[in-house]
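All remarks here apply to the structure that follows.
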Amino acid sequence: MKQNLCTIPLSEVLEPKRGCPFCRMERMLEERLLEYILGPAMMEPDIRIRTNQEGFCPRHLEKMLARRNKLQTALLLETRLLELEKRLFTPSLEKAGRAGGEALESCFLCRELAEGVERLLATFFRQYDASLEFKALFRGQEYLCLPHYARLARTAARFLPKKAQKGFHEDLNALAGTRLRLLIKDVRRFTDRFDYQKRENKELSDAQDALERAFSFLAGESVQ
Ligand SMILES: [Zn+2]
Ligand SMILES: [Zn+2]
């Protein structure tokens, strides 16, 4: 896969300051990968060999089907089906059984996405450690979702020098912890709407989307 495809300028990703920046980054990367495999990659035989062999998970198949590039999707699926027919239904039954498991558990896009995210994480930590401006941009984010909070907390030690780690964990806790406490309040106000005596309280109205926001925090926004 071409490196520049996964080169997303992180300061641009951090600029909007709405939602979790890492969810934004993953959505952007996924969009680029989808555009790539249904566009320029059609003409690259080595990529086609890999998409034929690895195939796509149900979530990515759905994303491909939802796009306008129907011909490109059809061409990709045609050669993938031919590959499956050759691997699963031509050899002996025993061999086919083993090949079946392997052929159906992989996804070209999931793997590329995971590799791209790993590279972007390394870049993120490098910039966080090197630039005060970038650090301020990170601290100014609206929040971090729980899955990305956990991932960053887990990987910080691998990418950051020891002296920078304490400050980074404080930043992480501020971004995710503040959100969590806000959600506790809003979800409580949401449940109050079902209480007859509190229903007339006008202050409750901005807790309307509390469940959706709690969901985005708990599950991340890049999974849909
Ligand atoms: Zn996230
Ligand atoms: Zn996938």
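Observations, loosely collected:
- Spherically averaged projected area of the chain from its Cα convex hull (nm²): 17.1 nm²
- Close amide H pairs (under 5 Å, H built 1.01 Å from N) link E142 with R18, G19, residues at least 5 positions away or on another chain.
- The length gained by stretching the chain between Q165 and L218 to full extension, at 0.36 nm per residue less their Cα-Cα distance, is 16.7 nm.
- Aspartates and glutamates whose Cα lies under 18 Å from that of K166, excluding same-chain neighbours fewer than 8 positions away: D129
- Residue with peak Gaussian network fluctuation, the chain [Cα springs, cutoff 10 Å], from E83, E62, E115: E62
- In loop segments of the stretch 124-205 as defined by DSSP, the GluC sites (Glu not before Pro) with at most 16 further C-beta atoms inside 10 Å of their C-beta are E142, E200.
- Taking D209, D171 and counting other C-beta atoms within 10 Å, the order from fewest to most: D209, D171
- Helical contribution to [θ] at 222 nm, DSSP H n ≥ 4, -39,500 (n - 2.57), averaged over the chain, rounded to 500: -23000 deg cm²/dmol
- Helix runs (DSSP H) in the chain reaching 15 Å along axis by Cα, Kyte-Doolittle at least -0.5: 21-37, 70-88, 108-130, 146-159
No value in this document is a laboratory result; all are computed from the given coordinates. Model, not experiment: these values are computed from the prediction. Glycine also receives a Cβ, built like all others from the backbone with ideal geometry; neighbour counts cover every protein chain displayed.
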